[in-house]
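Notes follow the structure.
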Amino acid sequence: MKRSALFILSAVLSAPVWAEPVTYSIDPNHTFERFSYNHMGFSTQLSRFDKSSGTITYDAAAKTAAVDVTIDTKSVSTGSELFNGHIQGADFLDTAQYPTATFKSTRVKFDGDRPVAIEGNLTIKGITKPVTLAVTAFHTGVHPMMKKNMIGADATAQIKRSDFNAGKYAPMTSDEVTLSIAVEAVQQ
């Protein structure tokens with residue numbers, strides 16, 4: 001009897017521990033979706049969105065993840081109030097009719113323990129297109145000041161404005177737009 005109890009206890013203690021997916025809420029104070037494009041050959045214009053929300057679900061053991069983000073397109077920040085209004089107009093983001101843009105992942109690719117690409121669907125102006133974000137930096141750990149589990153990443157992608165019915169002035173102003181995302185999220 002002692003042997004069977006010892007065997008069962010040994011089997012339970014030596015069984016692998018399966019991690020559960022962990023959900024993180026995007027920190028709006030440390031998450032920015034930036035975009036840049038060539039302006040008539042003169043310069044690269046840099047802008048960003050100041051408000052976004054969403055979640056990242058991550059399971060390190062299973063090497064799976066999911067991303068679901070909503071961007072407030074009215075929070076576009078170009079550095080100029082006049083230009084903010086121009087970008088929000090019907091020729092570009094049309095924020096009166098489409099006040100948000102979304103990205104929902106369909107697959108996250110890993111290289112070892114690190115996510116390296118996030119495939120998903122980007123919706124702008126009600127038009128959904130597949131986009132792959134290249135993950136250029138990734139980190140998980142305890143935030144030194146908040147003392148909470150955090151996740152963070154940087155990612156980039158290229159899209160075309162014309163794919164989202166926002167291609168006015170192309171090709172004088174480049175149709176190609178570079179997305180650069182910096183995200184931090186805290187465990188729920």
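Within 9 Å, Cβ to Cβ, of residue 95, how many net charges do the neighbouring residues add up to if Lys/Arg are +1 and Asp/Glu are -1? Local net charge: -1. Any idea what diffusion coefficient the stretch 18-187 gets from Stokes-Einstein, in µm²/s, Kirkwood Rh on alpha carbon pairs, 25 °C, 0.890 mPa s? Translational diffusion coefficient: 147 µm²/s. Each Cα pair under 8 Å and six or more residues apart adds its separation to the average, and for the chain the resulting relative contact order is 22 percent.
Using only side-chain charges placed at the Cβ, +1 for Lys and Arg and -1 for Asp and Glu, the dipole size of the stretch 18-187 relative to its Cα centre rounds to 80 debye. Using only the alpha-carbon atoms, how far is helix 2-14 inclined from the longest principal axis of the chain? Give it as 0 to 90 degrees, nearest 10. Taking the Cα atoms of the chain, the angle to 2-14 is about 20 degrees. Net charge within 15 Å of residue 53 by Cβ-Cβ distance, Lys/Arg positive one each and Asp/Glu negative one each, not counting residue 53 itself? Combined, the nearby Lys, Arg, Asp and Glu give -3.
Values quoted throughout were computed directly from the atomic coordinates according to the rules given, and no laboratory measurement underlies them. As the structure is a prediction and not an experimental result, all values here were calculated from the model. Cβ coordinates were reconstructed from backbone atoms using ideal geometry, including for glycine residues, and neighbour counts include every protein chain displayed.
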